[in-house]
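Below is one structure, written out as structure tokens, with a few remarks after it.
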Amino acid sequence: MKSPLLSLPGAVPGEGPDEGVAAHYGDLFREQRALADGTGFVDLSHRGVVTVTGAERLAWLHLLLTQHVSELPAGQATESLILSANGHIEHALYLVDDGETTFVHVEPGTQEALIAYLESMKFFYRVEVADRTADLAVVHLPAGSIAPVPGGVTVRETPHGRDLFLPRADLEGFAAEHGPAAGSLAYEALRVEAHRPRLGLETDHRTIPHELGWIGGAVHLQKGCYRGQETVARVHNLGKPPRRLVFLHLDGSEVHLPPHGAPVRLAADGPDGRQLGFVTTSARHHELGPIALALVKRNVPVDAALIADGTAAAQEVVVEP
């Protein structure tokens, strides 16, 4: 879904999973600094929006999700996953309930598959699932923002900022009153800095929650059964995940950023050495310079110098080996 805010001055369209919104509006670092200072907003209107209504919605979702949501208080934000039977991550959901409706935003284009799964699991529960992407747009206000929220708009507030479920028809008016706009590249750079994983970038077809640090934040270890729970419990209690997320400080003298999927190797082995992982997201940060997240084998020494697509990289531990 193409955002009307691509008509703003300087807007450069995003690519890949962020196609449909602006990558930036002409000054990437200024946009990052604005967000870090708690000003401006980010257009995330390409994200999918799903709502669940009905008196039994939270009890029903509790059976399907990795998070404890059966008594989720109105207005309290949470995040959760849906796993395969083998414990691999299939969906990441960012939720808030307003006392009558559960609002969820998800990665662009994933809402149809999510709704199909939810519909298949309704059974006798009195719930209704709806795709609201066409009429609700997600807008992000950064942490520290004092911008007023329009009346009647559902807000999902987290330590990283507020996600607004804004009527799509109001998006241009909101932008005129709450600028300056910041693009998806600025938002992504701050996400990488905060070590926050993203479905489809930090995940592949075999990723389990432990590898990305999603245990606790998106996976509740004391709740009842859900699909994939056996894998979650077994790895948590008896073993270690095969891979771990790391944060990389990249050599700033290189012009290019390693793309998603670029190989990560030990620096000592050189560019032809054995691949030990891959870059998941890279970004240019207004203070840290070029940075990245990567998924590497668990046994990679935490103090080892790495190379990512030929670029020297120093690692910081995100998930303990």
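The values are calculated or read from the model by the stated rules, or taken from the named source; none is laboratory data. Since the model is a prediction, treat every value here as computed from it, not as a measurement. Note: ideal-geometry Cβ built from the backbone for every residue, glycine included; neighbour counts use all protein chains shown. The accessibility values were calculated without ligands, DNA or RNA, using every heavy atom of the protein model including side chains. Shrake-Rupley method; radii C 1.70, N 1.55, O 1.52, S 1.80 Å.
Per the Debye formula on identical point scatterers at the alpha carbon atoms of the chain, with no solvent, log10 I(q)/I(0) at q = 0.11 Å⁻¹ is -0.72.
Where the accessible area of the stretch 134-254 is counted over protein heavy atoms with a 1.4 Å probe, how much of it, in %, is carbon and sulfur? Carbon with sulfur: 53 percent of the solvent-accessible area. First compute the accessible area of the stretch 1-117 with a 1.4 Å probe, then give the percent of it belonging to carbon and sulfur atoms. C and S fraction of accessible area: 51 percent. When every Cα-Cα distance of the stretch 95-219 is counted in 10 angstrom steps from zero, the calculated P(r) takes the values 10, 35, 38, 16, 1 percent. The mean accessible area for residues of the chain, using a 1.4 Å probe and ignoring ligands and nucleic acids, is 43 Å² per residue.
For the stretch 115-160, the fraction of C-alpha pairs more than 17 angstrom apart is 55%. This model, with +1 at the C-beta of Lys and Arg and -1 at the C-beta of Asp and Glu, gives the stretch 134-208 a dipole about its Cα centre of some 220 debye.
Ordered by 1.4 Å accessible area with all protein chains kept, Asp251, Asp163 run largest first as Asp251, Asp163.
Grouping the Cα pair distances of the stretch 81-144 into 5 Å bins from zero gives a pair-distance distribution of 3, 13, 22, 26, 20, 9, 5, 2, 0 percent in increasing distance order.
At a temperature of 25 °C and a viscosity of 0.890 mPa s, determine how fast the stretch 200-321 diffuses translationally according to Stokes-Einstein, using the Kirkwood radius over alpha-carbon pairs as Rh; express D in µm²/s, rounded to the nearest whole number.
Taking Rh from Cα pairs, D becomes 162 µm²/s.
Per residue, the chain reaches -5000 deg cm²/dmol at 222 nm when only DSSP H runs of four or more residues are counted, each adding -39500 (n - 2.57).
In whole percents, the pair-distance distribution calculated for the stretch 217-260 from its alpha-carbon pairs, binned every 5 Å from zero, is 5, 14, 19, 16, 9, 9, 11, 9, 8, 2, 0. Annotation: Cα Rg of the stretch 34-153 relative to the compact-globule expectation 2.2 N^0.38 Å equals 1.11.
Three semi-axes describe the equivalent ellipsoid of the stretch 4-99; taken as square roots of 5 times the Cα gyration tensor eigenvalues and ordered largest first, they are 33, 16, 13 Å. Computed on protein heavy atoms with a 1.4 Å probe, the accessible areas place His88, His62 in the order His88, His62, largest first. Computed from the alpha carbon positions, the gyration tensor of the stretch 142-202 leads to an equivalent ellipsoid with semi-axes of 23, 13, 12 Å, biggest first.
Let me check something: with ligands and nucleic acids excluded, how do Phe174, Phe29 order by accessible area (1.4 Å probe), largest to smallest? Don't skip to the answer; put the middle values down first.
Numbers: Phe174 10, Phe29 80 Å².
My answer, sorted largest first, is Phe29, Phe174.
Counting only Cβ charges, +1 for Lys and Arg and -1 for Asp and Glu, the dipole size of the chain around its Cα centre is about 840 debye.
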